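Each remark here refers to the structure printed beneath this line.
The values are calculated or read from the model by the stated rules, or taken from the named source; none is laboratory data. Keep in mind that this is a model prediction, so the values were computed, not measured. Cβ sites come from the backbone with ideal geometry, for glycine too, and all protein chains shown count toward neighbours. Side chains included, ligands, DNA and RNA excluded: accessible areas come from the protein's heavy atoms. Shrake-Rupley method; radii C 1.70, N 1.55, O 1.52, S 1.80 Å.
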Amino acid sequence: PTHLPTAVESAMTNYSKWDKFAADLASDTEEEEERELEDYAKKSARFIHVPPGDFTKKEQLCKLLQEDRDFEAPSSAAAGIMADGDPEPGVERAIKKYKWSSVASQYLPGYGPGAGGNDMWRIFFDDNFLTTQKEPNRAARALLGYQSLGSFVVSCVDRNTGEDRPISRKEVADLVLRRQQGGDAERINREHEGQKTRMDAFSQLGAETIELNGK
């Protein structure tokens, strides 16, 4: 049998030891982070305010995020617009608290009804934030993928119940940082492909209908 030189054996053994050490260190670091962020991991609110502000670490972002237990989503897209008449109390409150001109919402790219998974993350904001708001929002930019100004509010709809489920500040921070690092790119691409497939199918149905009507 071929016998490896002692130096090579030694190097391989050392490499194996360092590999295990690195894995143990990563595991210890994750456990330490879980302990440090334990207070932010409680799922006790259905809506979380994402304010403008700087952060470099997850803990800083967790501290920046704020639970909004009184937030109420508009009953419809039209209800989020401050028109003449009596606005919904939740809409009026959000507009006053966050200095918005209206309350608009959308699902985060990669987490819409057409995407996979049980969590459908959505975000609420001033529909005119590019003209009415001034402060850059780094966290919201990571979530949406484009320039975001002013305050934003995040929630997560449970696909099974259709209701907003309780979420934690750490959960939102994990989502922000993952998207900042491009971690949801595959989800977003899959959702775009699904949308394109559905649009192509609708187009074909439309073409067939026109042909039938033309006969």
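Data for the structure
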read-out	value
Residue, farthest from the chain's Cα centre (by Cα), within the stretch 50-70, restricted to residues that are hydrophobic (A, V, I, L, M, F, W, C) and within 13 Å of P136 (Cβ to Cβ)	F55
Selection from the stretch 161-181 of residues that are small (G, A, S) and either outside any helix (DSSP H, G or I) or exposed (fewer than 15 other Cβ atoms within 10 Å of the Cβ) (or both)	G162, S168
Selected residue (criterion: nearest to A79 (Cα to Cα)) from residues of the stretch 98-143 that are among the polar types (S, T, N, Q) and in a loop (DSSP other than H, G, I, E, B)	S101
Extreme residue, farthest from V154 (Cα to Cα), among residues of the stretch 30-57 that are in contact with a Leu (Cβ under 9 Å, 6 or more places away or on another chain) and open to solvent by less than 20 Å² (accessible area, probe 1.4 Å)	F55
Any hit, the stretch 98-109, residues being over 25 Å from C62 (Cβ atoms), open to solvent by 80 Å² or more (accessible area, probe 1.4 Å) and without any contact (Cβ under 8 Å) to a residue 60 or more places away in the chain	no
Residue check, G150 touching a Lys or Arg at 6+ places or on another chain (Cβ under 8 Å), under 26 Å from Q60 (Cβ atoms) and either aliphatic (A, V, I, L, M) or open to solvent by less than 50 Å² (accessible area, probe 1.4 Å) (or both)	yes
Selection within the stretch 112-143 - surrounded by 15 or more Cβ atoms within 10 Å (Cβ to Cβ), of a type in the set (A, V, I, L, M, F, W, C) and over 16 Å from G53 (Cβ atoms)	A115, M120, W121, I123, F124
